[in-house]
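This report concerns only the one structure given below.
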Amino acid sequence: MTMGQNGQQPTGDEALMSRFTRPEQTFPTLTPAEIERVRHFGEARSYADGEFLFETGKPGPGMFVVLKGHVAITQRDGLGHVTPVIDQGPGQFLAELSQLSGQPALVDGRAEGDVETLLLPPERLRALLVAEAELGERIMRALILRRVNLIQGGIGGPVLIGPSNSAGVVRLQGFLTRNGQPHHLLDPDRDPDAGELIARYSPKPEDWPLVVAASGAVLRNPSETELARAIGMIGGAKDGRIYDVAVVGCGP
């Protein structure tokens with residue numbers, strides 16, 4: 001059993017923090033001077049007790065800096081499970097890599113008591129990272145470490161249900177891993193939740209895996225494109241335009 005700094009059994013907060021790699025870099029606390037520098041890029045937002053700042057599966061509004069109160073970060077999967085991730089208080093910021101582009105949030109953030117924040121929408125967050133190099137580096141490191149911890153801990157993302165050696169499971173796990181998307185796999189022979197879904201949907205061998213999105217939608221052995229749309233990696237056409245080819249990078 002992991003012990004706290006004083007040699008005693010860890011508190012709830014210490015136990016949660018012990019789950020993360022390099023917690024002091026993953027969840028840093030900004031100084032008052034740093035918050036003032038961030039303030040130029042943000043806008044004040046207040047939330048009442050129990051109100052969501054962001055929700056799993058819905059586009060994230062950006063990065064929040066907590067000025068007053070506390071925010072509970074929890075995981076909510078498509079099977080109805082809610083698991084504590086961490087609590088964040090004054091001086092701490094709420095975001096991970098998906099907030100750089102307004103992609104769907106992987107976790108829930110709910111106000112505990114009245115909460116006052118600074119909200120930096122994605123474009124303002126990107127501007128901060130460029131304009132404030134040293135502070136931006138600390139924030140960016142935290143965003144990366146948070147995504148790494150979500151992946152390593154299987155926190156957030158879709159639930160795959162099926163035999164681990166099935167072609168569909170291997171294909172979709174590879175797709176999600178290559179794209180840095182958290183997910184976890186349930187064994188249909190061992191997990192009771194998996195058993196309930198199997199009984200409800202009666203999958204055939206070609207249906208493996210069943211994929212449960214955060215919204216609760218269940219897909220049968222989806223293609224990579226279908227899965228990407230279900231978890232918000234890609235959306236519909238913007239400005240009525242559809243492109244067949246995108247060239248990323250080129251020679252001089």
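Bear in mind these aren't lab numbers, they're just calculated from the coordinates by the rules spelled out. Quick caveat, the model's predicted, so the values are computed rather than measured. Cβ coordinates were reconstructed from backbone atoms using ideal geometry, including for glycine residues, and neighbour counts include every protein chain displayed.
Under a crude label model (7 Å from the Cα following the beta-carbon direction), how far is residue 191 from residue 178 in nanometres?
Between residue 191 and residue 178, the label points sit 2.3 nm apart.
Over the chain, with a Gaussian network built from C-alpha contacts below 10 Å, which listed residue (202, 46, 215) shows the highest mean-square fluctuation?
Among 202, 46, 215, the largest GNM mean-square fluctuation belongs to 202.
Provide the FRET efficiency to the nearest 0.05 for the residue 127-residue 204 pair, computing r from the beta carbons and using R0 = 35 Å.
E(calc), rounded to 0.05, equals 0.10.
Just to be sure I understand: with springs between alpha-carbon atoms less than 10 Å apart, which residue in 165, 179, 149 has the highest mean-square fluctuation in the Gaussian network model of the chain?
165
Rank 37, 110, 178 by mean-square fluctuation in a GNM of the chain with C-alpha springs under 10 angstrom and give only the top-ranked residue.
178
Ranking 243, 47, 201 by Cβ neighbours within 10 Å, fewest first, what do you get?
243, 201, 47
Given the convex hull over the Cα atoms of the chain, what projected area results after averaging over all orientations, in nm²?
On the way: hull surface 71.1 nm².
Result: 17.8 nm².
Could you give the length gained on full extension between residue 167 and residue 48, defined as 0.36 nm per residue of separation minus the Cα-Cα distance, in nm? Numbers along the way, then the final one.
Details: separation 119, 0.36 × 119 = 42.84 nm, distance 4.70 nm.
Length gained between residue 167 and residue 48: 38.1 nm.
Could you give the length gained by full extension between residue 58 and residue 144, i.e. 0.36 nm per residue of separation minus their alpha carbon distance, to one decimal place?
Going from the current span to full extension adds 28.9 nm.
Can you give the Kirkwood hydrodynamic radius of the range 17-153 from its Cα pairs, in Å with one decimal?
14.8
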